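Student: Take this structure first; my questions come after.
The values are calculated or read from the model by the stated rules, or taken from the named source; none is laboratory data. If you're wondering where the values come from, they're calculated on a predicted model, not measured in any experiment. No Cβ is skipped: glycine too gets one built from the backbone with ideal geometry, and neighbour counts run over all protein chains shown.
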Amino acid sequence: MHVSQRLAVALIAFVSYAVASENQLSYAGWTADSTIQDAVRRYPHSQANDSSINVADADAHDDIHHVSAGDGWVRLGLVSRTAAGRDTLPLCSVVFDRIYRSYGGPDIVQHLHEEATPVHRRVWKRGTEHLALRCFSIDGERYAESVELYRFGDGAT
């Protein structure tokens, strides 16, 4: 193979990687391709089973306290429990700002109700991948419950 052919192959590989990276969404280093094995490596003090891990306080960062994963999806739970047994959650605006700095505004905004609780879901889309921030309102304040990363096979969504 001549030098010019090698350069052409290298350029094609680089452009393919750049396009794939541009279309891949992430949150705190997690992507739709992440696995529970990745979580076990990232959170060595935490307890895992086949499809999820409860993140120990010693391992927790970026408000992530639970990780569930499957083929082409990851759900990052942001709910933590205090020693007194109370659930705590980060403000939705804090998590939203982290995502906004990377991807700008969401492509889809949904306002739903689950029982009597208003739920706010914002979705960012890149190619076949989606990143969803799920928040809910209590007493006029919005709290972030989870971040979900998932991939669709055909890009038609």
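Student: Out of region 34-50, which residues are over 16 Å from the mean Cα position of the chain (by Cα) and either closer than 18 Å to E148 by Cβ or among the charged types (D, E, K, R) (or both)?
Tutor: Matches in region 34-50: R41, D50.
Student: Next question. Which residues, counting only those in region 55-69, are modelled with pLDDT under 95 and in a strand (DSSP E or B)?
Tutor: H61 - this is the single residue of region 55-69 that is modelled with pLDDT under 95 and in a strand (DSSP E or B).
Student: Anything in region 30-51 that is surrounded by 17 or more Cβ atoms within 10 Å (Cβ to Cβ), outside any loop (DSSP other than H, G, I, E, B) and not acidic (D, E)? List them, or say none.
Tutor: W30, I36, A39, R42
Student: Also: All but one of (1) touching a strand residue (DSSP E or B) at 6+ places or on another chain (Cβ under 9 Å); (2) over 25 Å from V55 (Cα atoms); (3) modelled with pLDDT of 95 or more hold for E114; state the number of the condition that does not hold.
Tutor: (3)
Student: Next question, about the same structure. Quick one: in region 117-154, which of the residues that are among the aromatic types (F, W, Y) and touching a strand residue (DSSP E or B) at 6+ places or on another chain (Cβ under 7 Å) is farthest from S93 (Cα to Cα)?
Tutor: Y150
Student: Could you give me the residue pairs with C-beta distances under 7 Å whose first residue belongs to region 88-108 and is under 13 Å from L25 (Cα atoms) and in contact (Cβ under 8 Å) with a residue 24 or more places away in the chain, whose second residue is crowded, with 16+ Cβ neighbours inside 10 Å and of a type in the set (S, T, Y) wherever it lies, and which are 6+ apart or on separate chains?
Tutor: The qualifying pairs are I99/Y27.
Student: Kindly list the number of the only condition in (1) in a helix (DSSP H, G or I); (2) touching a Leu at 6+ places or on another chain (Cβ under 7 Å) that fails for V94.
Tutor: (2)
Student: Here is a further query. Restricting attention to region 80-88, does a residue exist that is surrounded by 12 or more Cβ atoms within 10 Å (Cβ to Cβ) and either part of a helix (DSSP H, G or I) or among the hydrophobic types (A, V, I, L, M, F, W, C) (or both)?
Tutor: Checked against the condition, which is being surrounded by 12 or more Cβ atoms within 10 Å (Cβ to Cβ) and either part of a helix (DSSP H, G or I) or among the hydrophobic types (A, V, I, L, M, F, W, C) (or both), region 80-88 yields no hits at all.
Student: Among the residues of region 139-157, is there at least one that is among the hydroxyl-bearing types (S, T, Y), part of a strand (DSSP E or B), in contact with a Phe, Trp or Tyr (Cβ under 9 Å, 6 or more places away or on another chain) and free of Cβ contacts under 8 Å to residues at least 40 places away in the same chain?
Tutor: Checked against the condition, which is being among the hydroxyl-bearing types (S, T, Y), part of a strand (DSSP E or B), in contact with a Phe, Trp or Tyr (Cβ under 9 Å, 6 or more places away or on another chain) and free of Cβ contacts under 8 Å to residues at least 40 places away in the same chain, region 139-157 yields no hits at all.
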